[in-house]
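Here it is, the structure, as structure tokens.
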Amino acid sequence: MDLNGKVALVTGGSRGIGKAIALKLASLGADIIINYSSSDVKANEVVEEVKSMGKEALAIKANVAKMDDAKNLIEKSIEKFQKVDILVNNAGVTRDNLLMRMTEEEWDTVFSVNMKGAFNVTKSLIRNMIKKKNCSIINIASVVGITGNAGQCNYSASKAGIIGFTKSLAKEVAKKNVRVNAVAPGFIESDMTDKLSDKVKEEYMKNIPLQRLGKPEDIANTVAFLASDMSSYITGQVLVVDGGMIV
Ligand code: NAP
């Protein structure tokens, strides 16, 4: 896979899955824009790592939940690189709780980042991509957007929403050769899952046929495939990367 000459924007690229995606795309030749919301030091470390691979990199702080921040993110990206060929809507948060205890704030926070964030960033960039053609958008969903999960009504609904968003947008922009796909990770080791107890992790492990938790690189490899011309006849799809968990 060759991404030389391409520019990729990864939201939530300072840590975890987003960081692994940024480094993988850079290793294949892409210049990288890393978006993040608060981790200045970590975002700059990713920038330095990308630069050490001989590629251009820029970190842009922006809360994707806010339309003005998203517009500013895209303006700065275009100002620096004149284009974005690959958009990875990866920024995401959890606020787990049983529905009967879930606060309105927990619901709204998850929806504003996971769903509205993808809308804000994609909406701000889509005209540019349609004009440029041959672009790829990859939305990071989750297996729980397909199966549901007790304690995650807010999160699983937001990820189911991302799948609907992916399929609808794929139909809208296909004739301009802009492809839109989603990746649905299973249980991946990151800060997001570190906060779960060992008991919960063991329970997940029992249901994973490949008998290991996923690594951020497992998702990054799949995103690289969907970003590259190797997947040029694939759009509107959801690729599940979960070690067989929901088979
Ligand atoms: P993570 O380690 O918690 O990292 C989250 C990233 O999102 C960070 O870079 C964070 O930036 C950024 N972010 C959070 N809120 C943001 C906002 N409002 N605006 C901009 N950036 C924001 O999470 P992860 O595990 O890597 O998850 C990445 C994606 O994969 C998420 O969409 C998640 O739902 C999805 N996913 C994860 C798993 C899993 O098992 N880990 C499974 C299925 C799906 P800061 O560093 O600045 O806070």
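The values are calculated or read from the model by the stated rules, or taken from the named source; none is laboratory data. These numbers were taken from a predicted model, which means no experiment stands behind them. All Cβ positions, glycine included, derive from the backbone under ideal geometry; neighbour counts span all protein chains shown. Side chains are part of the model used for accessible areas, which takes the heavy atoms of the whole protein and leaves out ligands, DNA and RNA. Shrake-Rupley method; radii C 1.70, N 1.55, O 1.52, S 1.80 Å.
On a full-extension model of 0.36 nm per residue, what is the gain between Asn97 and Lys123, subtracting their alpha-carbon distance, rounded to one decimal in nm? Each step should come with its number before you reach the end.
Values: separation 26, 0.36 × 26 = 9.36 nm, distance 3.03 nm.
Roughly 6.3 nm would be gained on extension.
How far apart, in nm, are two points set 7 Å out from the Cα along the Cα-to-Cβ line at Lys206 and at Ser38?
Result for the modelled spin labels: 3.5 nm.
To one decimal place, what Kirkwood hydrodynamic radius in Å is obtained for region 112-157 from all pairs of distinct Cα atoms? Don't skip to the end; give the middle numbers.
Working: mean 1/r = 0.0809 Å⁻¹.
Its Kirkwood hydrodynamic radius stands at 12.4 Å.
For region 169-247, report the convex hull volume of the alpha-carbon atoms normalised per residue, in Å³, without decimals. Write out the running numbers ahead of the final one.
Working: hull volume 8.1 nm³, N = 79.
Looking at region 169-247, the number lands at 103 Å³ per residue.
For a bin width of 10 Å, list the pair-distance distribution of region 85-138 built from all Cα-Cα distances, rounded to whole %.
23, 39, 22, 13, 3
Any chance you could list the semi-axes, whole Å, largest first, of the equivalent ellipsoid that the Cα gyration tensor gives for region 18-121, using √(5λ)? Let's see the in-between values first.
Working: eigenvalues 161, 46, 24 Å².
Semi-axes, largest first: 28, 15, 11 Å.
Next question. Give the accessible surface of region 1-156 per residue, rounded to a whole number of Å², with probe radius 1.4 Å and ligands, DNA and RNA excluded.
Working: 6990 Å² over 156 residues.
It amounts to 45 Å² per residue over region 1-156.
I would also like to ask the following. Can you sort Arg179, Arg212, Arg127 by 1.4 Å-probe accessible area, starting with the largest?
Numbers: Arg179 20, Arg212 110, Arg127 195 Å².
If we order Arg179, Arg212, Arg127 from most to least accessible, we get Arg127, Arg212, Arg179.
Moving on. Where the centre of each part is set by its Cα atoms, how far does region 192-247 sit from region 134-170, in angstrom?
Using only Cα atoms to place each centre, the spacing works out to 14 Å.
For n ≥ 4 DSSP H runs only, could you compute -39500 (n - 2.57) per run for the chain, divide by its residues and tell me the 222 nm figure to the nearest 500? Could you put the intermediate results ahead of the total?
Details: 10 runs with 113 residues, N = 247.
-14000 deg cm²/dmol, from helical runs alone.
Compactness ratio of region 204-245: Cα Rg over 2.2 N^0.38 Å, N = residue count?
1.35
Can you check what the net charge comes to around Thr103, using other residues whose Cβ is under 13 Å from the Cβ of Thr103 (Lys, Arg +1; Asp, Glu -1)?
Numbers: positive: Arg95, Arg101; negative: Asp96, Glu104, Glu105, Glu106, Asp108.
Surrounding charge for Thr103 is -3.
Moving on to the next point. Relative to the longest principal Cα axis of the chain, at what angle does helix 67-81 sit, 0 to 90 degrees, rounded to 10?
Compared with the principal axis, the helix lies near 40 degrees.
Would you mind counting up the charge near Met230? Only other residues with Cβ under 14 Å from its Cβ, with Lys and Arg at +1 and Asp and Glu at -1.
Result for the neighbourhood of Met230: +1.
How fast does the chain diffuse by Stokes-Einstein, in µm²/s, taking the Kirkwood radius from C-alpha pairs at 37 °C and 0.692 mPa s? Can you show the working numbers first?
Values: Rh = 17.9 Å.
The Stokes-Einstein estimate is 183 µm²/s.
If you don't mind, another one. Residue-wise, which Karplus ³J(HN,Hα) couplings in Hz belong to region 45-59, taking 6.51 cos²θ - 1.76 cosθ + 1.60, θ = phi - 60°, and x for glycine or proline?
So the Karplus estimates, Gly and Pro as x, are 5, 5, 4, 5, 5, 5, 4, 5, 8, x, 10, 7, 8, 8, 9 Hz.
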